[in-house]
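Okay, so here's the structure we're looking at.
The values are calculated or read from the model by the stated rules, or taken from the named source; none is laboratory data. Since we're looking at a predicted model, the values are computed, not measured. Every residue, glycine as well, gets a Cβ built from its backbone with ideal geometry; the counts of neighbours run over all protein chains shown.
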Amino acid sequence: MKRILITGALGQIGSELTLKLREIYGADNVIATDIKKNTSETAQSGPFELLDVTDLDKMMETAKKYKIDTVMHLAALLSATAETKPVFAWNLNMGGLMNALETAREMNAQFFTPSSIGAFGPSTPKHHTPQDTIMRPTTMYGVNKVAGELLADYYYHKFGLDTRGLRFPGLISHVALPGGGTTDYAVEIYYEAVKTGKYTSYINIGTYMDMMYMPDALNAIIDLMEADPSKLKHRNSFNITAMSVAPEDIAASISKYIPGFEIAYTVDPARQSIADSWPNSIDASAAKEEWNFKFQYDLDRMTQDMIEKLREKL
Ligand code: NAD
C-alpha cells in the first residue's frame, strides 16, 4: 500500500482510517473521497476529492490522476437506513462496489472493502458463529454484504485481483458519529452517559451482538492488508470481534466510571428485528490463524477510553 484511494472517507470508519493511513504512508499518498465535503481534519489533512461511487468515470479518473495502487471502498448505506430505502441501498451498495472493483482492476490495485456481521441471518448458528456457515440474511444490507463477499472473491479468482475484507461487528468510536447501523446504540450510550448520565436504548435488554473499538478495527484493516497473501484462505470475509455484549453489559461497564448511570428501554421494532436476525457472538479463529488477528480493547478498557475522549470532546 503506497497510494491509497478511500471512498466514503468522511464516515465513521473513514474519518479515522484516513488519518491513520496518512500517518503510516504519508499524507499525500492517501486520497480521501466522499460524496460531500466537511471541515474535518480528515478532509483537510491531505488530498480530498468529491466522488460519488455510483459514477464510474469519475472514480477511474480520480484513480488515474493520483496513480493509486490500493482501493479502500467504504461508501455504503448501513443496515438500519438500508431497510428504509432498499432499492436505493441495492443501487449504492452493489453499484458502488462494482465500480470500486472495476477501478481496482483497471489500476491492478490491492482492494479492501468491509463486510459485516449483518451478512448472517436467522438460520445461521447464533453462538460462536463459524467462519464458514449458513448465510441467508433477511435484510437488504445483509443481502448486499453476502453478494459483496462473493463478488470480491470472484474478482480474485477470475482476474487475480488482490481483494481482502473483514466481517466487522458493531464499531464503537468517538470521532465521527455512526451512519445508520443497528449497533449505533453502543455509541450513543457513551455520548448520553457523558452528557446526561442516562440513556434510553432502542435495542432490548438481553440482545447480544459483537462489537469492537475503532482502534482495533483500524489495526485489523492494516494487518490484513499487509498480511502474506499465501496464508489467506478466506480473503474477503474474515469474522472478527472483540466482545459480545448486550445493552445492560455496556451500561454496567459505564456505571464503573460514571456511578449512578441509568439505562431504560424503548425498543424500536425495526432495528430490534435486524438485531434479532444477527449472531450473538462470532468465532474469529480463522482471522487469528491466517493473519494473526488480535485486539487490545475489551469492554471495560474501551469504556474507560470512550468516556475520557468524550469528556474532552463534549
Ligand atoms: P458511514 O455511514 O459512517 O459512512 C459512509 C460514508 O459514505 C459517508 O461519509 C457518506 O457521506 C459516504 N457516501 C454515501 N453515499 C455515497 C456515495 N454515493 N458516494 C460516495 N460516498 C458516499 O459508514 P461506516 O460506518 O464508515 O462504514 C463503512 C463501511 O464499513 C460500510 O461498508 C459498512 O457497511 C461497513 N461496516 C461498518 C460497521 C460499523 O459499525 N460502522 C460495521 C460493519 C461494517
_When you scan the stretch 24-40, do you find a residue that is buried (at least 16 other Cβ atoms within 10 Å of the Cβ), hydrophobic (A, V, I, L, M, F, W, C) and either assigned to a helix (DSSP H, G or I) or outside the structural domain of residue 164 (by TED's automatic domain parsing) (or both), even just one?_
no
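Tell me whether the stretch 180-188 contains one or more residues that are out of contact with any helix residue (DSSP H, G or I) (no Cβ under 7 Å at 6 or more places or on another chain), away from the ligand (no atom under 16 Å from the Cβ) and not assigned by TED's automatic domain parsing to the domain that holds residue 78. Steps first, please.
First pass over the stretch 180-188, keeping only residues out of contact with any helix residue (DSSP H, G or I) (no Cβ under 7 Å at 6 or more places or on another chain): 183-184, 187-188.
Keeping just the survivors that are away from the ligand (no atom under 16 Å from the Cβ) gives none.
There is no residue in the stretch 180-188 that is out of contact with any helix residue (DSSP H, G or I) (no Cβ under 7 Å at 6 or more places or on another chain), away from the ligand (no atom under 16 Å from the Cβ) and not assigned by TED's automatic domain parsing to the domain that holds residue 78.
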*asked:* Checking the structure you have, find out if any residue of the stretch 233-254 is of a type in the set (Asp, Glu), over 17 Å from the mean Cα position of the chain (by Cα) and in the same structural domain as residue 156 (by TED's automatic domain parsing).
replied: no
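Is it the case that the stretch 160-174 has a residue that's touching a helix residue (DSSP H, G or I) at 6+ places or on another chain (Cβ under 8 Å), in a loop (DSSP other than H, G, I, E, B) and more than 30 Å from residue 229 (Cα to Cα)? If you could, list the steps in order and put the result at the bottom.
Just the residues of the stretch 160-174 that are touching a helix residue (DSSP H, G or I) at 6+ places or on another chain (Cβ under 8 Å), to begin with: 161-174.
Now restrict to residues that are in a loop (DSSP other than H, G, I, E, B): 161-162, 165, 169, 173-174.
Add one more test, that the residue is more than 30 Å from residue 229 (Cα to Cα), and what stays is 174.
Scanning the stretch 160-174, I find at least one residue that is touching a helix residue (DSSP H, G or I) at 6+ places or on another chain (Cβ under 8 Å), in a loop (DSSP other than H, G, I, E, B) and more than 30 Å from residue 229 (Cα to Cα), so the answer is yes.
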_Of the criteria (1) more than 30 Å from residue 64 (Cα to Cα); (2) surrounded by 16 or more Cβ atoms within 10 Å (Cβ to Cβ); (3) touching a strand residue (DSSP E or B) at 6+ places or on another chain (Cβ under 6 Å), which one residue 200 fails_ = (2)
_One residue from 132, 153 being more than 14 Å from the ligand (Cβ to nearest atom), farther than 29 Å from residue 43 by Cβ and assigned to a helix (DSSP H, G or I)_ = 153
*Find all pairs meeting these conditions: Cβ atoms under 9 angstrom apart; at least six residues apart or on different chains; first residue within the stretch 50-62 and free of Cβ contacts under 8 Å to residues at least 60 places away in the same chain and of a type in the set (Lys, Arg); second residue part of a loop (DSSP other than H, G, I, E, B) and near the ligand (Cβ under 9 Å from one of its atoms).*
58/51; 58/52
